[in-house]
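*Asks:* Okay, here's the structure, questions in a sec.
The values are calculated or read from the model by the stated rules, or taken from the named source; none is laboratory data. Computed from a prediction, not measured in an experiment: that's the story for all the values here. Here the Cβ is made from the backbone with ideal geometry for all residues, glycine too, and neighbour counts use every protein chain on show. For the accessible areas, the whole protein counts, side chains as well, though only heavy atoms, and no ligand, DNA or RNA atoms are used. Shrake-Rupley method; radii C 1.70, N 1.55, O 1.52, S 1.80 Å.
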Amino acid sequence: MRTFLTWSDNVNDRDGNKLPIYDLTFKPDGSQLIVGAGTEVLVYDVAEGELIQSLKAHKDNVYAVDYSADGTRFASGGADKQVVIWSSKMEGILKYSHSDAIQALSHNPVTGQVISCTASDFGLWSPEQKNVTKHKVPARILTASWTNDGQFFALGLFNGHVSIRNRSGEEKVRIERGTSPVWSIQWCPATDKEAELLAITDWNQKLAFFHINGRQVGKERNLGYDPTCVSFFSSGDFAVVGGSDQKVTLWTAEGIKLGVVCEKESWVWCCKVKPKQNYVAVGCNDGSISVHQIVFNTVHGLYNDRYAFRENMTDVVIQHLVTDQRARIKCRDYVKKIAVYKDRLAVQLPDRIIIYELFHDDATDMHYRIKEKLQKKLDCNLLVVTSQHIILCLEKKLQMYQFNGDKEREWNLESLIRYIKTIGGPKGQEGLLVGMKNGQIFQVFLNNPFPIPLIKQQTPVRCLDLNLSRTKLAVVDDHNTCLVYCLKTKELLFQEPNANSVSWNSELDDMLCYSGNGVLNVKTGTFLSHQQKMQGFVVGFKGSRIFCLHIYNMTTVDVPQSTSLERYLDKKEFEPGYKVACLGVTESDWRRLAMESLEGLNFDVAKKAFVRLRDIQFLDLIKMIERMKSDGKYEMDNVVGEINTYVGKFHEAARLFKRASNHARAIQMYTELNMWEYATQIAAETNMDPVEILKRKAQTQQDRNDLLAAASTYIEVGDYIQAINIIGPSGAVDRLIEITPLTRCLYYFKKANHYPYAAECLVKMGDISQLLQLHIELMQWEEAFRIAETYPEFSALIFLPYMEAQMNYRKAGRIDEAIRVLERLAKNAVIEWRFNDAAYYYHLLSLEHLQTIPDEMDYKKLSENQLESLSAFEQYRQTSEVYFAFQSVRKFIDEPFTSHVSESLLSMATFLLNTTMKATTPPGVSKSYVLYGLTKIARSVGAFKLARYGYERLQNFRIPAEWENISDISSLTVRGKPSNDRDDLQPVCFVCSTVNPMLNAKGDTCIECKERFIRSMYSFQILPLVEFVLADGVSDAEAAHLIAKEPSAQRADNMDLERKSTKKGRSKMSSDHELNRHIEGLDRSGSILKLDKNDLAELRSRDVFIQDWGKACLGRRYFKVNHVDASIMMCPHCRHFFMDDEWNYQYLQEGACHFCRSKLETHTD
């Protein structure tokens, strides 16, 4: 510990008389010092020591000053019985008075409340309340102090008592110290203490510490003088005490005296520590004011990985730098010096030296015990400990003491000793390196009275270190230069600038580090230094860890050794590279060292590196090379070739094997690598038979389950039987067709159910009988009949199976199986987007369900299952129509061309939307497709209102990305079009002549009469058909007979098919017709058309269609063409309507109904 006077001043009155300084205080930020001198309050600048201002508000001596914790105001009080509150701008805020002189002032650190103390009472002033609450006391108050939390304050009284009170003024604890006045007290400001600690000094010449509960902490300390002031450092670790001995002394918070801060020429009345800094302000009776800086030196010692340092001036902390374990030794006295050596620790105290030793021999043990105590007061600049001695450095002199205190030897040197380092040795014979101010370096052995000169340089030595092999010495001089010498030749090897400390690596002989200017340098051999940022001084270097002392903290820096290793590898210096790697490198660095050592033929280093990597493969390679050496078969090309094989340089390895005439090894390498092309190439170059290589290739492919490749290889060598035996069980029948013999292939084709290849095989074999039988098994009747036409002699084989297949399910009564097969076909068609096929299968499903109902059974007699079948018939029929229409709409969007005109596509889209508006949309039918198609068609035909509706609905759907831009642009452009649809596009009901909107939320029906529209199953245009019913008393047979007769031409032409009014006596529908309504799903709220016998006789047969399913539960439905020019056809199988020209066009193209795919001949028969 050292102290320095920062500045001082003397205060006199006008007559030159010295004014006592009774109190002073720092501003919390440390920028100002407030001093009470005479009747004035002086404000000093702490940094410069200049007087800023003199405040005059008191009429008598100022006894007390104190600053608030927030720095906004301070208070002063004195013999004039007045308390003045000042602002931080040194302006008076308010003043209040007591009946006696003010002895002490103190601010609450939390609330700012001020306590002012006198001989008879104390007052509490609060900034918020602006009033003073006063409390009587039994004796004069000499000092006061608040706790950190502001909840309590302590008062030191003239009668020797200390009163601890809450902030309301109520006494909670009283400490009776005798009859001597308690002149100064202060609470410890540290917040990390377990309990509040109060320091008390009284004129019984004692220093004592107490908890807030009144319990004394530790023993009282005899001061030997009357104390007048005590002040804690901000950390709470230390305190300063001043008094009648005219000194200010430094103490620990445990009451241990550390030393003298300053000596004055008169009593010290006050001393205060600067907040958060090691500065002390002192005021004396002679009017002197001074500020002193306290510098705490770093006291520490280091040996290898054990570091000891002083903490809190009285404790020694030993730290293991590798394991980071710590141990603390409480010396309870001022620690002056520390030294460490192996298992020894020496601690110098003011009047003795204590030597400790490790409790165990364990290298990581941190338990020390006292070995010896050297009870002598010895002064020294440096302290060194060895296994049996203590060495003291006194400027130019070295003194060696035994642990019992006997002085054994002394060395007198020519110059001041700057640095000492213990370099080890036998017990009692250890060696020391001593660096001198004159630049000379000696080696001193404890058993030799004569120092041995090593190096003489021109500059003073600051730091030095010896390398592991003791052959090189590194020295740092006062010019911040690191110089490295060879001890054998005494020559300077190299020097590096910007160094303040140096250390050799204790595990690697040729590596050192040095620090300076915030940079750490690591130098290996003669390579350039590797640099990285680091603050502090290098004090040790072990392996890849550097120990750095920064201010008071020892830190460990991990240094990557990859750079040093890389430099050695670049120069092919594998042995030192391995030593560097052992210090600590990454896995990839070890791999590089191993591989480059192997390629450099340094098998010892490679082996050790691969052992470190646990790479068995390369260790086997090295063992094989060693065996080749021992067997006398060591040939360089073969060895290097084997190494190249292991490192992946296969072509280079093959080149070396061929150069060594070891072609078999090259072929073996390529075959093991499945590089068959190169293996066969070498075989061809050496006239070897490649068949064995190819067979091995095929066997390898077969082992890898690459059966096709294996078969191809067998074919290449002509082993067809083996190829067939491989391909056949694997199911890869597409390859069998390329292989002979065909009979074996045919067996596997049939076994794998791959009939097209089986048929091709039979064609190649010319076995027509087996080919025809194959088509019959597959029920491929068209192919079978084509073969029969070509070869009539086989016709008898085809007819019987064909007839049986046609009647199989129905004869077996397995209608449920037939329905199940059709449902599966329909679902698959939907999944594959074959919606025409889906419509066809759903049509067949509807017929299958209808066939389950007996022909003559009335609706009322149907069972529950038969009602379900009837409902399924209607549902599947409607579903088939939806799929049939959706197929054309989807093709219009996805394909560039379509056979339908725009108006037909518009009808299909509106039909789909109307039909699915209320009902559930069938699977696979995308409304977004329908809406997108609707908008495109509507814009093209001028239905702009409908297009707007479609774009609005599309906003609610997630559509493909390629549609989004088109849809957005079209949605904007259509707004510039008229807001209506073309009149000729509006659908017209042929029953009530009502013009309908294109889209109807209630379904595909008329909005007025609720009649369902009858559409063409090709163009989906609304047909001019009107449904009618027979009047009461007219049977279906009579109606058929009357319709078949042709009426007179005039009567027929004038036939009006408007609805007959109720005036003619036509009644509403009877209960019998309600059954038909239920079956058809029609909502007829108005009157229905009924025709009697006379009306029926006037109808032309070509204008009437009778929809008869042959089921009594359904009944017949009658339709009349309501337009003289309309020519309409009804498919007799599916009972759907078509325009005559549409029917003829499709029938010419397809030879069957466009919807149900049934041929007309079938129906006419």
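*Asks:* Quick check: is even one residue across region 219-231 surrounded by fewer than 17 Cβ atoms within 10 Å (Cβ to Cβ), assigned to a strand (DSSP E or B) and in contact with a strand residue (DSSP E or B) (Cβ under 6 Å, 6 or more places away or on another chain)?
*Replies:* yes
*Asks:* Among what's in region 263-283 and is among the hydrophobic types (A, V, I, L, M, F, W, C) and open to solvent by 10 Å² or more (accessible area, probe 1.4 Å), pick the residue that is nearest to LEU197 (Cα to Cα). Reasoning before the result, please.
*Replies:* Step one: of region 263-283, the residues among the hydrophobic types (A, V, I, L, M, F, W, C) are 267-271, 273, 280-282.
Checking the rest, the ones that are also open to solvent by 10 Å² or more (accessible area, probe 1.4 Å) come to 267, 269, 273.
Values: TRP267: 27, TRP269: 23, VAL273: 17 Å.
It comes out as VAL273.
*Asks:* Take the residues in region 30-39 that are surrounded by 20 or more Cβ atoms within 10 Å (Cβ to Cβ) and not hydrophobic (A, V, I, L, M, F, W, C); name whichever of them is farthest from ALA64 (Cα to Cα).
*Replies:* Quick first cut of region 30-39, residues surrounded by 20 or more Cβ atoms within 10 Å (Cβ to Cβ) only: 32-38.
Among the residues that remain, those that are also not hydrophobic (A, V, I, L, M, F, W, C) are: 32, 36, 38.
Numbers: GLN32: 16, GLY36: 7, GLY38: 11 Å.
Ranking the candidates gives GLN32 first.
*Asks:* Just to be sure, is SER970 among the small types (Gly, Ala, Ser) and either touching a helix residue (DSSP H, G or I) at 6+ places or on another chain (Cβ under 6 Å) or under 19 Å from ALA943 (Cβ atoms) (or both)?
*Replies:* Judged against the criteria, SER970 is a match.
*Asks:* Right, something else. Just to be sure I understand the filter: pairs with C-beta atoms under 9 Å, separated by 6 or more residues or on different chains, first member in region 214-226 and of a type in the set (S, T, N, Q), second member not in a loop (DSSP other than H, G, I, E, B). Which pairs pass?
*Replies:* As it stands, the answer is GLN216/ILE175; GLN216/ALA208; GLN216/PHE209; GLN216/PHE210; ASN222/LYS206; ASN222/LEU207, since those pairs meet every condition given.
*Asks:* Check PHE153 against each of (1) over 18 Å from ILE85 (Cα atoms); (2) surrounded by fewer than 19 Cβ atoms within 10 Å (Cβ to Cβ) and name the one condition it does not meet.
*Replies:* All conditions pass for PHE153, except number (2).
*Asks:* Now for a separate question. So, in region 365-383, exactly how many residues are outside any loop (DSSP other than H, G, I, E, B) and open to solvent by 10 Å² or more (accessible area, probe 1.4 Å)?
*Replies:* Number satisfying all stated conditions: 8.
*Asks:* Of the conditions (1) closer than 17 Å to VAL217 by Cα; (2) assigned to a loop (DSSP other than H, G, I, E, B); (3) among the basic types (Lys, Arg), LYS130 satisfies every one except a single condition; which number is it?
*Replies:* (1)
*Asks:* For region 913-924, indicate whether the set of residues that are of a type in the set (Lys, Arg), open to solvent by 70 Å² or more (accessible area, probe 1.4 Å) and within 30 Å of ASP1108 (Cβ to Cβ) is non-empty.
*Replies:* Scanning region 913-924, I find at least one residue that is of a type in the set (Lys, Arg), open to solvent by 70 Å² or more (accessible area, probe 1.4 Å) and within 30 Å of ASP1108 (Cβ to Cβ), so the answer is yes.
*Asks:* Then there's this: Quick check: is even one residue across region 934-953 of a type in the set (A, V, I, L, M, F, W, C) and farther than 30 Å from LYS1010 by Cβ?
*Replies:* Looking through region 934-953, none of the residues is of a type in the set (A, V, I, L, M, F, W, C) and farther than 30 Å from LYS1010 by Cβ.
*Asks:* Could you grab me the full set of residues in region 525-540 that are assigned to a loop (DSSP other than H, G, I, E, B) and either open to solvent by 60 Å² or more (accessible area, probe 1.4 Å) or in contact (Cβ under 8 Å) with a residue 24 or more places away in the chain (or both)?
*Replies:* Within region 525-540, GLY525, THR526, PHE527, LEU528, SER529, GLN535 meet the criteria.
*Asks:* It is to be established whether one or more residues within region 987-999 are assigned to a loop (DSSP other than H, G, I, E, B), free of Cβ contacts under 8 Å to residues at least 24 places away in the same chain and open to solvent by 60 Å² or more (accessible area, probe 1.4 Å).
*Replies:* Looking through region 987-999, at least one residue is assigned to a loop (DSSP other than H, G, I, E, B), free of Cβ contacts under 8 Å to residues at least 24 places away in the same chain and open to solvent by 60 Å² or more (accessible area, probe 1.4 Å).
For (1) surrounded by 20 or more Cβ atoms within 10 Å (Cβ to Cβ); (2) of a type in the set (Gly, Ala, Ser); (3) in contact (Cβ under 8 Å) with a residue 12 or more places away in the chain, each residue gets a yes or a no:
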| residue | (1), (2), (3) |
| --- | --- |
| LYS523 | yes, no, yes |
| LYS542 | no, no, yes |
| ILE551 | no, no, yes |
| ARG567 | no, no, yes |
| ASP570 | no, no, no |
| ARG591 | no, no, yes |
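*Asks:* Can you work out which of the residues in region 445-463 that are in a loop (DSSP other than H, G, I, E, B) and touching a residue at least 24 places away in the same chain (Cβ under 8 Å) is nearest to the chain's Cα centre (by Cα)? Reasoning before the result, please.
*Replies:* Pass one, region 445-463, residues in a loop (DSSP other than H, G, I, E, B): 446-451, 457-460.
Imposing the further condition that a residue be touching a residue at least 24 places away in the same chain (Cβ under 8 Å) reduces the set to 446, 449, 451, 457, 460.
Details: LEU446: 61, PRO449: 68, PRO451: 64, GLN457: 58, PRO460: 56 Å.
If we take residues in region 445-463 being in a loop (DSSP other than H, G, I, E, B) and touching a residue at least 24 places away in the same chain (Cβ under 8 Å), then PRO460 is nearest to the chain's Cα centre (by Cα).
*Asks:* Considering region 232-255 alone, what residues qualify as being in contact with a Lys or Arg (Cβ under 9 Å, 6 or more places away or on another chain) and open to solvent by 10 Å² or more (accessible area, probe 1.4 Å)?
*Replies:* Those that are in contact with a Lys or Arg (Cβ under 9 Å, 6 or more places away or on another chain) and open to solvent by 10 Å² or more (accessible area, probe 1.4 Å): SER234, SER235, GLN246, LYS247, TRP251, ALA253, GLU254.
*Asks:* Restricting to region 488-511, what's the tally of residues that are within 24 Å of TYR303 (Cα to Cα) and either open to solvent by 20 Å² or more (accessible area, probe 1.4 Å) or under 39 Å from the mean Cα position of the chain (by Cα) (or both)?
*Replies:* So the count comes out to 5.
*Asks:* For region 267-322, which strands (runs of 3 or more DSSP E) that fit wholly inside it have 1 or more residues that are under 30 Å from THR422 (Cα atoms) and of a type outside the set (Phe, Trp, Tyr)?
*Replies:* Filter on region 267-322 gives 288-295, 300-303, 306-311, 315-320.
*Asks:* Identify all residues within region 390-408 that are assigned to a strand (DSSP E or B) and surrounded by 16 or more Cβ atoms within 10 Å (Cβ to Cβ); write none if there are none.
*Replies:* ILE390, ILE391, LEU392, CYS393, LEU398, GLN399, MET400, TYR401
*Asks:* Taking region 1090-1119 as the search range and keeping residues that are open to solvent by less than 20 Å² (accessible area, probe 1.4 Å) and part of a strand (DSSP E or B), which one is nearest to TYR840 (Cα to Cα)?
*Replies:* Among those residues, the one meeting the criterion is GLN1107.
*Asks:* Here is a further query. Return the only residue of TYR485, TYR514, TYR419 being assigned to a strand (DSSP E or B), open to solvent by 60 Å² or more (accessible area, probe 1.4 Å) and either of a type in the set (Ser, Thr, Tyr) or touching an Asp or Glu at 6+ places or on another chain (Cβ under 6 Å) (or both).
*Replies:* Exactly one of TYR485, TYR514, TYR419 is assigned to a strand (DSSP E or B), open to solvent by 60 Å² or more (accessible area, probe 1.4 Å) and either of a type in the set (Ser, Thr, Tyr) or touching an Asp or Glu at 6+ places or on another chain (Cβ under 6 Å) (or both), namely TYR419.
*Asks:* From LEU954, LEU1042, which residue is more than 30 Å from VAL1121 (Cβ to Cβ) and not aromatic (Phe, Trp, Tyr)?
*Replies:* LEU954
*Asks:* How many residues, within region 9-29, are surrounded by fewer than 15 Cβ atoms within 10 Å (Cβ to Cβ) and in contact (Cβ under 8 Å) with a residue 40 or more places away in the chain?
*Replies:* Qualifying residue count, region 9-29: 3.
*Asks:* Just checking, which of SER469, SER503 is under 23 Å from TYR568 (Cα atoms), assigned to a loop (DSSP other than H, G, I, E, B) and hydroxyl-bearing (Ser, Thr, Tyr)?
*Replies:* Just a single option satisfies the conditions, and that option is SER469.
*Asks:* Moving on. State whether the residues of region 614-624 include one that is open to solvent by 30 Å² or more (accessible area, probe 1.4 Å), of a type in the set (Phe, Trp, Tyr) and without any contact (Cβ under 8 Å) to a residue 60 or more places away in the chain.
*Replies:* No, every residue in region 614-624 fails to be open to solvent by 30 Å² or more (accessible area, probe 1.4 Å), of a type in the set (Phe, Trp, Tyr) and without any contact (Cβ under 8 Å) to a residue 60 or more places away in the chain.
*Asks:* Right, next: Go through region 593-607 and give me each residue that's assigned to a helix (DSSP H, G or I), under 15 Å from GLU573 (Cβ atoms) and open to solvent by 10 Å² or more (accessible area, probe 1.4 Å).
*Replies:* GLU596, GLU599, ASP604 - these are the residues of region 593-607 that are assigned to a helix (DSSP H, G or I), under 15 Å from GLU573 (Cβ atoms) and open to solvent by 10 Å² or more (accessible area, probe 1.4 Å).
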